[in-house]
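Student: Here it is: the structure, laid out below.
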Amino acid sequence: MDLITIWFVLLAVLWTGYLVTEGFDFGVGMLLPVLEGEHDEEDRRRTMLTTIGPHWDGNEVWLLTAGGATFAAFPHWYATMFSGMYLALLLLLVTLILRNMGLEYRHKRHDAEWVRRWDLAIVAGSYIAPFLVGVALTNLVAGLPMTEHTMGSTRYTEFDGSLLSLLTPTALLGGLTLTVLCMAHGAHFLALKTDGPIRAEARAVATRAGLVSAVLAVALFATLGLQRGTAGSWVVAGLAAVALLAAIAANAKGAEGLAFTGTSVTIGLTVVSYFLMLFPNAINGRGDSADLTLDVAASSPLTLEIMTWAAVVFTPIMLAYTAWTYWVFRRRLTVEHLPQRVEVH
């Protein structure tokens, strides 16, 4: 396997890490106004947010690393994405910033309007961000309008469309599917990390969201598979469907750990299926448009070699630290575990 293929695989790993980890805290954010219980609304929301408190900022490192790796390993891929999806990616960045500000600042003051506004930022951001990510990744696979140019002896491919070119039915379906899947994933996480009424409500929501995401996923993979499918991508998509159904069944039996593992595997296999439909391209061309191939998009062999050695050294450190934080904060939470709050007025 050459270095170009190795870094393509590593990008798939980074996107898997991001969507599995950030996916559950997106789901928790979506469920803030949804779950009900015997405790008052503020205590319930504080408990839910506390489950992701030690993790959400670390989860976003996966996205930063994926962006940085794309920039270094495949600069033409990075440039084409940001020129073609500039407004959409800017909206994603603003959404993540506002959501993160909500997670950081909602508890800084104790008045109802302050908390309400930051909760709105958290909930809205938790819906919008996975939707935009799903639209962007689906566009890469389904295809973008691309034009091939020649400058001297150099041939290169550029995006040749507009913001509306990104809003195809298939791309919107991809965004919707990822959003609902993240909701189910977040509900499984809450059921795994809490006890009492929140746990029961989270399991009920997880079943409903899981079934909806299964229907959407079948439609999405059928659409993409007919356009771009390979034998490998069909097999992996089938395994993703099995994992999702297994997660729904495990949740119904109260096996929250297996349910969370099931949606994690589903997300990971979805990323693998997407990347199999991409290979050997970085971006598929739409219709008769030219493809942007990995060979054209890649950096020099020396750059890839240096990056590979850096990844060999630092990736195990990052994974070990991440695993340690999840181990330290592994226990279940209830409202009774929270410190006494100052009344919101």
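Student: In the range 162-173, what count of residues is obtained for those that are touching a helix residue (DSSP H, G or I) at 6+ places or on another chain (Cβ under 8 Å) and either surrounded by fewer than 16 Cβ atoms within 10 Å (Cβ to Cβ) or more than 25 Å from residue 75 (Cβ to Cβ) (or both)?
Tutor: Residues that pass the stated criteria total 6.
Student: For residue 125, state whether it is within 17 Å of residue 66 (Cβ to Cβ), touching a residue at least 40 places away in the same chain (Cβ under 8 Å) and open to solvent by less than 30 Å² (accessible area, probe 1.4 Å). Let's see the steps before the verdict.
Tutor: Details: within 17 Å of residue 66 (Cβ to Cβ): no; touching a residue at least 40 places away in the same chain (Cβ under 8 Å): yes; open to solvent by less than 30 Å² (accessible area, probe 1.4 Å): yes.
Answer is no for this residue.
Student: When you go through (1) at pLDDT 90 or above; (2) surrounded by 15 or more Cβ atoms within 10 Å (Cβ to Cβ) one by one for residue 94, which number turns out not to apply?
Tutor: Of the numbered conditions (1) at pLDDT 90 or above; (2) surrounded by 15 or more Cβ atoms within 10 Å (Cβ to Cβ), the odd one out for residue 94 is (2).
Student: Could you say whether any residue in the range 193-207 is in contact (Cβ under 8 Å) with a residue 24 or more places away in the chain and under 16 Å from the mean Cα position of the chain (by Cα)?
Tutor: no
Student: If you go through the range 297-320 one residue at a time, how many are open to solvent by less than 70 Å² (accessible area, probe 1.4 Å), in contact (Cβ under 8 Å) with a residue 60 or more places away in the chain and part of a helix (DSSP H, G or I)?
Tutor: 7
Student: Which one of the conditions (1) modelled with pLDDT of 90 or more; (2) open to solvent by 50 Å² or more (accessible area, probe 1.4 Å) does residue 40 fail to meet, given that it meets all the rest?
Tutor: (1)
Student: Report, by residue number, each residue of the range 165-189 that is among the hydrophobic types (A, V, I, L, M, F, W, C) and under 28 Å from residue 326 (Cα atoms). Give the steps one after another, and end with the answer.
Tutor: Quick first cut of the range 165-189, residues among the hydrophobic types (A, V, I, L, M, F, W, C) only: 166-167, 171-173, 176, 178, 180-184, 187, 189.
Matches in the range 165-189: 178, 180, 181, 182, 183, 184, 187, 189.
Student: Another question, then. Name the single residue that is modelled with the lowest pLDDT among those in the range 73-91 being over 18 Å from the mean Cα position of the chain (by Cα) and open to solvent by less than 30 Å² (accessible area, probe 1.4 Å).
Tutor: Top of the filtered list is 84.
Student: Name every residue in the range 286-296 that is assigned to a strand (DSSP E or B) and surrounded by fewer than 20 Cβ atoms within 10 Å (Cβ to Cβ), in order of residue number.
Tutor: If the condition is that a residue be assigned to a strand (DSSP E or B) and surrounded by fewer than 20 Cβ atoms within 10 Å (Cβ to Cβ), then 293 is the only one that fits.
Student: Next question. Would you mind stating whether residue 220 is aliphatic (A, V, I, L, M), open to solvent by 50 Å² or more (accessible area, probe 1.4 Å) and under 20 Å from the mean Cα position of the chain (by Cα)? Steps first, answer last, please.
Tutor: Details: aliphatic (A, V, I, L, M): yes; open to solvent by 50 Å² or more (accessible area, probe 1.4 Å): no; under 20 Å from the mean Cα position of the chain (by Cα): yes.
Spelling it out, it is not the case that residue 220 is aliphatic (A, V, I, L, M), open to solvent by 50 Å² or more (accessible area, probe 1.4 Å) and under 20 Å from the mean Cα position of the chain (by Cα).
Student: Report every pair of residues separated by at least 6 positions or lying on different chains whose Cβ atoms are under 6 Å apart, first residue within the range 148-170 and within 25 Å of residue 135 (Cβ to Cβ), second modelled with pLDDT under 80 and open to solvent by 70 Å² or more (accessible area, probe 1.4 Å).
Tutor: Short answer, once both residue conditions are applied: 157/148.
Student: Let me ask something else about it. State whether the residues of the range 146-153 include one that is under 19 Å from residue 25 (Cα atoms) and open to solvent by 40 Å² or more (accessible area, probe 1.4 Å). Even if it seems obvious, please write down each step before you answer.
Tutor: We begin by selecting, within the range 146-153, every residue under 19 Å from residue 25 (Cα atoms); these are none.
No, that holds for no residue.
Student: Mind checking which residues of the range 51-72 are open to solvent by less than 40 Å² (accessible area, probe 1.4 Å) and over 30 Å from residue 189 (Cβ atoms)?
Tutor: Once the filter is applied, which keeps residues that are open to solvent by less than 40 Å² (accessible area, probe 1.4 Å) and over 30 Å from residue 189 (Cβ atoms), the range 51-72 yields only 72.
Student: Output the number of the condition that residue 207 fails; it satisfies all remaining conditions of (1) open to solvent by 20 Å² or more (accessible area, probe 1.4 Å); (2) farther than 19 Å from residue 23 by Cα.
Tutor: It fails just one condition, (2).
Student: Within the range 251-267, restricting attention to residues that are surrounded by fewer than 20 Cβ atoms within 10 Å (Cβ to Cβ) and aliphatic (A, V, I, L, M), which residue is nearest to residue 137 (Cα to Cα)?
Tutor: So in the range 251-267, the residues surrounded by fewer than 20 Cβ atoms within 10 Å (Cβ to Cβ) come out as 252-255, 257-258, 261, 265.
If we keep only those that are aliphatic (A, V, I, L, M) too, we end up with 252, 255, 258, 265.
Working: 252: 31, 255: 31, 258: 27, 265: 18 Å.
Checking each candidate, the answer is 265.
Student: In the range 269-277, is there at least one residue being assigned to a helix (DSSP H, G or I), exposed (fewer than 11 other Cβ atoms within 10 Å of the Cβ) and on the phi < 0 side of the Ramachandran plot?
Tutor: Keep residues of the range 269-277 that are assigned to a helix (DSSP H, G or I), which gives 269-277.
Then drop every residue that is not exposed (fewer than 11 other Cβ atoms within 10 Å of the Cβ), which leaves none.
No, there is no match, as no residue in the range 269-277 is assigned to a helix (DSSP H, G or I), exposed (fewer than 11 other Cβ atoms within 10 Å of the Cβ) and on the phi < 0 side of the Ramachandran plot.
The values are calculated or read from the model by the stated rules, or taken from the named source; none is laboratory data. These numbers were taken from a predicted model, which means no experiment stands behind them. A quick note on method: Cβ atoms are made from the backbone with ideal geometry, for glycine too, and the neighbour counts reach across all protein chains shown. Please note that ligands, DNA and RNA were not included when accessible areas were found on the heavy atoms of the full protein model with its side chains. Shrake-Rupley method; radii C 1.70, N 1.55, O 1.52, S 1.80 Å.
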